[in-house]
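The values are calculated or read from the model by the stated rules, or taken from the named source; none is laboratory data. Computed from a predicted model, the values in this text were never measured in an experiment. Counting neighbours? That spans all protein chains shown, and the Cβs are built from the backbone with ideal geometry, glycine included.
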Amino acid sequence: MRSPETSSDLLPQAARRDFLRAGGALVVGLSLAACATPEGSGVRSGMRALPLRLREPQSTPPAADRVDSFLVIHEDSTVTLYTGFAELGQGTTTSLLQIAAEELDLGMDQIRAAPLDTHLSPNQGGTYSSASVQRGRPQITAAAAEARRALLALAATRLDADVARLSVARGRVRARKGGRSVSYGELIGGQRFELSITGKAPVKASTEYRLVGQKHKRADLAAKLTGQQVYIQQQRLPGMLHARVIRPRGQAAYGAGARVLRVDDSALASIPGARLLRRNDFLGVVAPLEWDAIRAAQAVIVEWESPPTLPTSAGLHAQMRAATTTDNVVLERGDVRVAADEAAATVVQRGNAPYQAHAPFAPNCALADIQPEGGLVICSSQDVHAARRGIAALVGLPAEKIRVQFGEGAGTYGHSCYDDVAQAAALLSQLAGSPVRVQFMRADEHGWDTYGPPHVGEARLACDANGRLVAYEYHGWQHNWSLVETTSQLAGAAPATEWPPVAVQGVNALVCGGMYSIPSVKLVNHRLPGLQYLRGAWLRSPLDLAFAFVSEQAIDQLAVQLSIDPVEMRRRNVKDERWRGVLDAVAEASQWNAARVPGRLGNERIRRGRGVGLGTHLISHGASVADIEVNLDSGQVRILHLYGALDAGLVVNPLTVEHQIEGQLVQTASRMLLEEVHFDAGRVTSLDWVGYPILRMDACPAVTPVVVQRMNERSTGAGEETMAAAAAAIANAFFDATGRRMEQFPFTPERVLETLKAV
């Protein structure tokens with residue numbers, strides 16, 4: 001890995017104005033020739049990677065209804081695919097290449113993905129909500145089908161043959177009669193289609209697929225495994241300065257921000273080239289060398305206004321439950337009170353979930369060169385088009401004058417500080433009159449994250465004597481997400497504002513009983529005033545772990561009351577074959593034993609338990625089984641094995657989805673056992689890996705992923721849909737081991753011991 005001060009040769013030294021005039025593109029070519037290739041991919045051993053050949057950039061995003069916005073066919077019949085989705089380590093680029101190559105009858109060695117860039121990439125929405133394949137597959141399929149139809153029409157004329165009597169293999173069209181052929185490159189190489197995507201071009205039936213539905217190793221992995229990957233932290237701009245932001249150590253209430261009362265930057269005189277830059281309450285420093293920028297940020301003395309009082313992490317949930325809220329009924333059918341009164345068994349389950357952080361392994365980083373005539377920003381935003389709008393508003397330039405390019409950083413599922421650091425880089429570049437590189441320090445990243453919001457939940461369930469659910473009522477308390485980035489807020493560009501209410505920020509009807517057939521249901525969302533709490537945003541599977549933690553424990557309570565096996569209890573109530581499919585798949589994979597023995601295995605002081613759960617995020621179907629171990633003396637919980645089954649419709653690349661399930665299970669284990677943002681009455685105190693620990697390798701459970709393939713269904717989300725199920729399975733396994741119900745996670749030893757002492 002290059003050191004921060006010796007990697008400026010990643011770009012040629014050139015004048016900033018010439019750099020911007022040329023479009024400001026950072027192009028990094030990587031050769032994968034030395035890396036092993038996936039079996040069956042069509043890539044021959046030692047084949048040179050395709051060169052990166054990009055079309056001319058434009059200031060407005062390419063129209064999403066045009067074939068040319070997605071595909072460029074080159075003279076050698078290779079193809080560059082343009083999409084609006086970011087590669088975050090989830091394998092999106094490989095899956096989307098499979099989709100296009102399938103429809104065009106190409107080999108995987110004949111197609112590559114273009115880098116994500118507002119001046120090159122169509123706007124397909126952000127890379128979130130597990131939507132890359134879900135949203136991207138129909139669009140890319142339609143574009144590729146339209147292109148194939150046009151190519152076949154051209155070939156029919158060139159070969160003097162009927163379209164119906166043409167076949168295609170590896171981008172070469174062959175006439176059945178006479179055997180003459182012509183390649184895609186010969187037909188249109190380097191030219192535009194000038195076609196709209198009508199949606200009427202014929203697409204392949206799933207029975208014809210040879211690439212889609214097959215396992216292919218990720219196209220992005222070779223460079224990462226060989227150390228050739230250039231992450232955003234390693235990128236450089238010509239003539240740039242290094243920068244750091246200056247903020248209090250840990251955020252206060254979102255609405256309060258951080259108000260500067262006094263600044264003393266006299267110590268910067270001893271640091272070569274260091275300067276303090278300020279706009280309202282936004283402070284930053286720049287210096288030619290990175291270590292000098294770090295020293296400068298530490299040397300500036302700032303007196304901050306005392307923030308309003310927070311409830312503290314210990315008093316958080318009590319205040320949430322007691323607060324005045326804005327209430328709405330998310331779903332109501334039947335009469336839950338009447339149904340519960342007539343039921344054979346009723347239960348109540350309560351649960352609390354904390355703030356949890358995105359906590360990427362490497363703090364977020366961005367580079368920017370903002371000038372009066374326009375600017376370039378390189379960042380890890382998961383929605384570069386939305387990021388451009390925010391940056392443009394901050395620096396006072398039209399959006400079309402700002403070019404945003406995606407640079408891959410550390411994995412972070414959800415809205416971490418990547419947009420905030422991009423705005424900081426843009427603003428500091430504008431103030432400095434020079435290109436800058438900003439990297440957050442660990443305390444910036446941990447302390448000023450947009451955390452996954454906390455939750456208070458209460459479920460009341462009832463069933464008949466046969467274990468059939470008859471009533472389900474759920475009440476959930478949480479606040480909405482924060483809309484304005486910290487940089488914009490402190491700079492005075494926009495006041496603290498919450499997102500308008502949207503369904504995904506509140507009680508989720510799909511997770512809260514949505515997998516079961518229940519005649520009487522009532523779901524109530526209690527929205528808190530979020531400006532009084534910490535900054536919040538979506539974190540992988542937003543709030544779903546909390547919902548399932550409460551809801552699925554209530555299902556298990558009913559099973560215990562009626563002496564019904566937990567898997568059988570769910571089988572009697574799941575509403576369709578797809579929920580039954582994932583439940584059966586995970587039960588089979590885990591060899592679920594119907595003979596339920598609480599506290600099974602283990603010795604007298606170490607108990608083992610097994611639990612099951614169902615859950616999802618927005619659309620797919622997830623199921624999980626957990627095997628755990630509880631030390632009754634220390635309160636330590638160890639997760640031994642997690643099984644996860646996922647039905648995401650037609651899975652384009654089962655290998656990628658298996659990896660997604662594995663990652664979900666490990667992250668869920670970490671969030672259920674360890675992760676919690678702590679704060680006192682003033683500010684966040686979880687500023688490093690000690691204050692916010694995550695699961696370490698030696699505590700990682702064994703994981704078993706199961707993909708339930710549905711070749712005739714549409715593709716749906718696969719990036720977060722087993723996490724809720726796994727959270728529920730862990731909670732139910734704890735009861736199986738101890739006979740006690742946890743009502744708050746993470747399962748710290750202190751909480752476990754307190755629960756075990758309860759009567």
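Here Ser95 does not fit the description of being assigned by TED's automatic domain parsing to the domain that holds Ile197, crowded, with 23+ Cβ neighbours inside 10 Å and touching a Gly at 6+ places or on another chain (Cβ under 6 Å). The condition (being basic (Lys, Arg) and either at pLDDT below 95 or assigned by TED's automatic domain parsing to the domain that holds Tyr413 (or both)) is satisfied by just one residue among Arg333, Arg337, Arg295, Arg321: Arg295. Output yes when any residue across the stretch 226-233 is loosely packed, with under 13 Cβ neighbours inside 10 Å, part of a loop (DSSP other than H, G, I, E, B) and on the phi > 0 side of the Ramachandran plot, and no when none is. So far as the stretch 226-233 goes, yes, one or more of its residues are loosely packed, with under 13 Cβ neighbours inside 10 Å, part of a loop (DSSP other than H, G, I, E, B) and on the phi > 0 side of the Ramachandran plot. When we screen Ala175, Ala153 for residues that are surrounded by fewer than 16 Cβ atoms within 10 Å (Cβ to Cβ) and either over 27 Å from Gly719 (Cα atoms) or at pLDDT below 95 (or both), the only hit is Ala153. Is one or more of the residues making up the stretch 622-639 on the phi < 0 side of the Ramachandran plot, of a type outside the set (Asp, Glu) and within 19 Å of the chain's Cα centre (by Cα)? The answer is yes, given that some residue of the stretch 622-639 is on the phi < 0 side of the Ramachandran plot, of a type outside the set (Asp, Glu) and within 19 Å of the chain's Cα centre (by Cα). Out of Thr716, Thr755, Thr738, Thr748, one residue alone is surrounded by 22 or more Cβ atoms within 10 Å (Cβ to Cβ) and of a type outside the set (A, V, I, L, M). It is Thr716.
Residue count for the stretch 472-509 satisfying the condition of being hydroxyl-bearing (Ser, Thr, Tyr) and outside any helix (DSSP H, G or I): 4.
I'd like to check something: does the stretch 727-746 contain any residue that is closer than 28 Å to Gly411 by Cβ, touching a strand residue (DSSP E or B) at 6+ places or on another chain (Cβ under 6 Å) and among the acidic types (Asp, Glu)? No, because not a single residue in the stretch 727-746 is closer than 28 Å to Gly411 by Cβ, touching a strand residue (DSSP E or B) at 6+ places or on another chain (Cβ under 6 Å) and among the acidic types (Asp, Glu). Please work out if Glu208 is exposed (fewer than 13 other Cβ atoms within 10 Å of the Cβ) and touching a residue at least 60 places away in the same chain (Cβ under 8 Å). No, not satisfied. All of Ala322, Ala392 fail the test of being out of contact with any Cys (no Cβ under 7 Å at 6 or more places or on another chain), more than 21 Å from Trp448 (Cβ to Cβ) and surrounded by fewer than 17 Cβ atoms within 10 Å (Cβ to Cβ), apart from Ala322. Taking the criterion of being within 30 Å of Ala274 (Cα to Cα) and out of contact with any Ser or Thr (no Cβ under 9 Å at 6 or more places or on another chain), the residues of the stretch 301-344 that qualify are Val302, Glu303, Trp304, Glu305, Ser306, Pro307. Select from the stretch 617-633 the residues that are of a type in the set (S, T, N, Q) and in contact with a Leu (Cβ under 8 Å, 6 or more places away or on another chain) and list them in ascending order. Scanning the stretch 617-633 gives Ser620, Ser624.
Conditions (1) crowded, with 24+ Cβ neighbours inside 10 Å; (2) closer than 29 Å to Thr94 by Cβ; (3) among the aliphatic types (A, V, I, L, M), marked per residue:
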| residue | (1), (2), (3) |
| --- | --- |
| Leu646 | yes, yes, yes |
| Leu650 | no, yes, yes |
| Thr685 | no, no, no |
| Gly691 | no, no, no |
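Of all residues in the stretch 281-301, those satisfying the criterion of being among the charged types (D, E, K, R) and either buried (at least 21 other Cβ atoms within 10 Å of the Cβ) or closer than 20 Å to Pro435 by Cα (or both) are Glu290, Asp292, Arg295.
Selection within the stretch 406-432: residues that are under 19 Å from His242 (Cα atoms) and out of contact with any helix residue (DSSP H, G or I) (no Cβ under 7 Å at 6 or more places or on another chain). The member of this set that is surrounded by the fewest Cβ atoms within 10 Å (Cβ to Cβ) is Ala432. Would you confirm, using the coordinates I've provided, whether Gly635 is more than 26 Å from Arg607 (Cα to Cα) and not β-branched (Val, Ile, Thr)? Spelling it out, it is not the case that Gly635 is more than 26 Å from Arg607 (Cα to Cα) and not β-branched (Val, Ile, Thr). The residue of the stretch 542-571 that is surrounded by the fewest Cβ atoms within 10 Å (Cβ to Cβ), among those that are touching a Cys at 6+ places or on another chain (Cβ under 9 Å) and of a type outside the set (A, V, I, L, M, F, W, C), is Gln561.
Looking only at the stretch 340-369, residues that are more than 30 Å from Ile402 (Cβ to Cβ) and touching a residue at least 12 places away in the same chain (Cβ under 8 Å) come to 16 in all.
Listed by position, the helices (runs of 4 or more DSSP H) contained in the stretch 565-678 that have at least 3 residues being under 30 Å from Glu208 (Cα atoms) and free of Cβ contacts under 8 Å to residues at least 24 places away in the same chain are 577-590. The criterion of being more than 30 Å from the chain's Cα centre (by Cα), surrounded by 21 or more Cβ atoms within 10 Å (Cβ to Cβ) and farther than 28 Å from Thr450 by Cβ holds for Val336.
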